[in-house]
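The values are calculated or read from the model by the stated rules, or taken from the named source; none is laboratory data. Since we're looking at a predicted model, the values are computed, not measured. Reconstructed Cβ throughout: ideal geometry from the backbone, glycine too, with neighbour counts over all protein chains shown. All accessible areas refer to the heavy atoms of the entire protein, side chains included, with ligands and DNA or RNA removed. Shrake-Rupley method; radii C 1.70, N 1.55, O 1.52, S 1.80 Å.
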Amino acid sequence: LTALEVARIPIGAFGGGGGAIAVVGSHILFVTPQGRLGYLRETAAGSGYELRHIDAVVPMNRAGLQDSAFARDPQFNASYFRTFGMLPVRRGDGRLGLYVSHHRYVGGCIQFVVSRATLTEAPDAIALDASGWEDVFVAEPCIGVKATGHPFAGHQAGGRLARTAENTVLVTVGDHEFDGFNDPARVSMDARTHLGKAVEINLDTRAVSVFATGLRNPQGLLISADGLVWETEHGPHGGDELNILQRGGNYGWPEVSYGVNYGFPSRPWPANPAQGRHDGYARPVFSFMPSIGISNLIEIDGDEFPMWRGDLLVASLKDTALRRLRRDAGHIVYSERILLGERLRDIRTLPDGQLVILTDAANLIVLRRKAEQGSEAVHREPALTVSGYGSFGEVFAAEAPSAGSHGTGAEAGREVFNARCAGCHASESGP
């Protein structure tokens, strides 16, 4: 329905998963997977941006992690220790709080944390207040080395944030692969833990309550204009889900899933009594087969994409595409694939209705409607310019891998292959 223009803006040297974006006024704020902050400031002419960094780091204690038992495990993937979500919240007194969900290493285990800092604003700049960071929510329990599978499955952390009321925020917490198969624990159904849940946080009292249970890896969260709470999450292998969360709802993981277990050939998910079914629990509104590596989502409003108004736009990782979902009477009637060719981690709407997307290749993609030939409905500058790269070389340099891995080169590779891959794959060709 709409011809598009795409601009890709590199914002650093980081790689891997994690990180998030937020819109603060006309600024595009971003946090890298390693917790460094920066933003794009729109220029006065409105035809370009200036790239700036913020002299602040999310309190993750990456230095402590490098000396830990996690980092000494050859199977530990340092990129799984990351930031997940970011949400600016302006309160009634005018203060602007920045909420970031992230991992933090402490005392031999890894926490899931929501931290808060206060942003200070100037006409052409933003910064973090000197008071620094404070904890708003720390999930229970602190996560130790898993008994089986990945020693730390931080890629299943979820971590999206959405404001539900003036003083409450919802955060999704992934199961970190404690699913009864990759570890004996089944945390998503366990009322004693926050893992595998959507948790509501009171910003004034810091009291928390479980909003929904039975979640796996909830990568997207949206409060739509009609008040519905939309959530996206990864299935195990197939069956990525779009859900409408309701308070007290149970969405079935790990007891049921439309997906199957990883491996070749594919194997049934062992806990599901009826393969290919989602019986006994709240069902998804829509499920993607095969999986798209689903991530965050937005609702389209405004004049930039008039033919998409009211649609949901879902980003994806594995599929490297957007999915435009048309809603009709509570149903999803179709899914249109819009290929962008990068792993799309987060998505937001800019004040003028254009879209901005964070990718795992450390790009910001700006998406807008292409002007029609001879039309005066959409005025476009001929180019999008970006300045300010000179100060970013050292601040956002790629961080070194965690120290302490066992072995080097081929020796380390064989050790990891035997532990992680040999159950389904062989190291030489054959039937």
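Below are the figures for this structure:
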| quantity | calculated |
| --- | --- |
| Listing of strands (runs of 3 or more DSSP E) fully contained in segment 98-143 that carry 2 or more residues being within 23 Å of Asn202 (Cβ to Cβ) | 109-122, 134-138 |
| Selected residue (criterion: most open to solvent (accessible area, probe 1.4 Å)) from residues of segment 277-289 that are hydrophobic (A, V, I, L, M, F, W, C) and more than 28 Å from Ser209 (Cα to Cα) | Met289 |
| Any chance Ile244 is closer than 17 Å to Ala282 by Cα, open to solvent by 30 Å² or more (accessible area, probe 1.4 Å) and either modelled with pLDDT of 95 or more or polar (S, T, N, Q) (or both) | yes |
| Any hit, segment 254-276, residues being open to solvent by less than 10 Å² (accessible area, probe 1.4 Å), assigned to a loop (DSSP other than H, G, I, E, B) and touching a helix residue (DSSP H, G or I) at 6+ places or on another chain (Cβ under 8 Å) | yes |
| Subset tally (residues that are of a type in the set (Lys, Arg) and without any contact (Cβ under 8 Å) to a residue 60 or more places away in the chain) for segment 185-233 | 2 |
| Scan of segment 1-40 for residues that are closer than 18 Å to His103 by Cβ, open to solvent by 10 Å² or more (accessible area, probe 1.4 Å) and polar (S, T, N, Q), ordered by number | Gln34 |
| Residue list for segment 174-189, restricted to those being in a loop (DSSP other than H, G, I, E, B) and open to solvent by 10 Å² or more (accessible area, probe 1.4 Å) | Glu177, Phe178, Gly180, Phe181, Asn182, Asp183, Pro184, Ala185 |
| Filtered residues of segment 120-137 (kept if open to solvent by less than 40 Å² (accessible area, probe 1.4 Å) and modelled with pLDDT of 95 or more) | Val136, Phe137 |
| Pair list, Cβ under 7 Å, 6 or more apart: segment 149-167 residue β-branched (Val, Ile, Thr), other residue open to solvent by less than 10 Å² (accessible area, probe 1.4 Å) | Thr164/Leu170 |
| Residue tally, condition assigned to a strand (DSSP E or B) and either open to solvent by less than 20 Å² (accessible area, probe 1.4 Å) or among the charged types (D, E, K, R) (or both), over segment 190-210 | 5 |
| Any pair with Cβ under 7 angstrom, 6 or more apart, that starts in segment 78-93 at a residue that is under 24 Å from Pro151 (Cβ atoms) and ends at one that is surrounded by fewer than 17 Cβ atoms within 10 Å (Cβ to Cβ) | Ala78/Pro401 |
| Leading residue by the ranking (nearest to the chain's Cα centre (by Cα)) among those in segment 242-287 that are among the β-branched types (Val, Ile, Thr) and under 23 Å from Ala315 (Cβ atoms) | Ile244 |
| Tabulated pairs, segment 359-385, first in a loop (DSSP other than H, G, I, E, B), second open to solvent by 80 Å² or more (accessible area, probe 1.4 Å) and at pLDDT 85 or above, C-beta under 6 angstrom, 6+ apart or interchain | Asp360/Arg343 |
| Residues located in segment 211-234, provided they are of a type in the set (D, E, K, R) and either open to solvent by less than 20 Å² (accessible area, probe 1.4 Å) or touching an Asp or Glu at 6+ places or on another chain (Cβ under 6 Å) (or both) | Arg216, Glu231, Glu233 |
| Residues being in a strand (DSSP E or B), out of contact with any Asp or Glu (no Cβ under 9 Å at 6 or more places or on another chain) and among the small types (Gly, Ala, Ser) - total across segment 144-161 | 1 |
| Set Asp301, Asp346: member being in a strand (DSSP E or B) and either surrounded by fewer than 20 Cβ atoms within 10 Å (Cβ to Cβ) or of a type outside the set (Gly, Ala, Ser) (or both) | Asp346 |
| Enumeration of residues in segment 304-323 that are surrounded by 19 or more Cβ atoms within 10 Å (Cβ to Cβ) and basic (Lys, Arg) | Arg323 |
| Positions within segment 207-241 being touching a Pro at 6+ places or on another chain (Cβ under 6 Å) and under 22 Å from Ala165 (Cβ atoms), in sequence order | Glu231 |
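Okay, residues lined up against (1) at pLDDT 90 or above; (2) under 30 Å from Asn167 (Cβ atoms); (3) open to solvent by less than 30 Å² (accessible area, probe 1.4 Å):
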residue: Asp67; (1), (2), (3): no, no, no
residue: Phe81; (1), (2), (3): yes, no, yes
residue: Gly92; (1), (2), (3): no, yes, no
residue: Leu98; (1), (2), (3): yes, yes, yes
residue: His103; (1), (2), (3): yes, yes, yes
residue: Gly108; (1), (2), (3): yes, no, no
